[in-house]
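In what follows, a structure is listed as structure tokens, so that the remarks can point back to it.
The values are calculated or read from the model by the stated rules, or taken from the named source; none is laboratory data. Since the structure is predicted, the reported quantities are computational estimates derived from the model, not experimental observations. Quick reminder, even Gly has a Cβ in these numbers, built from the backbone with ideal geometry, and neighbours come from all protein chains shown.
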Amino acid sequence: MACMRTSKPEDGARFGFVVGRPIDKFITRVEQIVEKPGVGKAPSELFSVSGMIIQPEIISFLEKADKELSPGKELYHIYGLNGMLEAGLPIYAVEYQNCRYFDTGDKLGYLKALVELGLESPEFGEKFRKFLQDLIET
């Protein structure tokens, strides 16, 4: 699981968090995944940014979880991951370093990502910058 650190209490309502045993400086063996625990309720500072390499074993856990869901309830990957943890299968969290994070699941975060990355584009960054400047001036 790709993860980053946060110490902001409000992020507890926005992200899933992992709890586990450190293997080295940036790798944690996951023992628990807590999805959006609530403001100020994060069980750790390590939150998932949803990038994952998932082993095929998850399929059987998802199928089991799907059979146990109430009608009309949506199946999430977290159900399969929790099943893997309960069965003792390893899941590792890798903490990203020296990177930027754009919360594209949030509308404002998505717009910020588009603007920031658009301005950096070697293909059209300068034209985009001029467009934004002209837009602000009018």
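So, in the range 58-108, exactly how many residues are closer than 22 Å to residue 13 by Cα and acidic (Asp, Glu)?
4
Here are some residues: 62, 46, 75. Which one is farther than 19 Å from residue 94 by Cα, in contact with a Phe, Trp or Tyr (Cβ under 7 Å, 6 or more places away or on another chain) and of a type outside the set (Phe, Trp, Tyr)?
62
Looking at 136, 59, which one is β-branched (Val, Ile, Thr) and assigned by TED's automatic domain parsing to the domain that holds residue 7?
Only one candidate qualifies: 59.
Residue by residue through the range 7-25, note down the ones that are surrounded by fewer than 16 Cβ atoms within 10 Å (Cβ to Cβ) and in contact with a Phe, Trp or Tyr (Cβ under 8 Å, 6 or more places away or on another chain).
Across the range 7-25, the qualifying residue is only 23.
Tell me, which residue of the range 78-108 that is surrounded by fewer than 14 Cβ atoms within 10 Å (Cβ to Cβ) and touching a Phe, Trp or Tyr at 6+ places or on another chain (Cβ under 7 Å) is nearest to residue 27 (Cα to Cα)?
Residue satisfying both the conditions and the ranking: 97.
In the range 50-101, which residue that is among the acidic types (Asp, Glu) and within 20 Å of the chain's Cα centre (by Cα) is nearest to residue 114 (Cα to Cα)?
95
Within the range 94-113, identify whether any single residue is modelled with pLDDT of 95 or more and in contact with a helix residue (DSSP H, G or I) (Cβ under 6 Å, 6 or more places away or on another chain), and answer yes or no.
no
Grab the strands (runs of 3 or more DSSP E) fully contained in the range 24-138, keeping just those with 3 or more residues being touching a Pro at 6+ places or on another chain (Cβ under 7 Å).
Of the strands (runs of 3 or more DSSP E) lying wholly inside the range 24-138, those with at least 3 residues that are touching a Pro at 6+ places or on another chain (Cβ under 7 Å) span 27-35.
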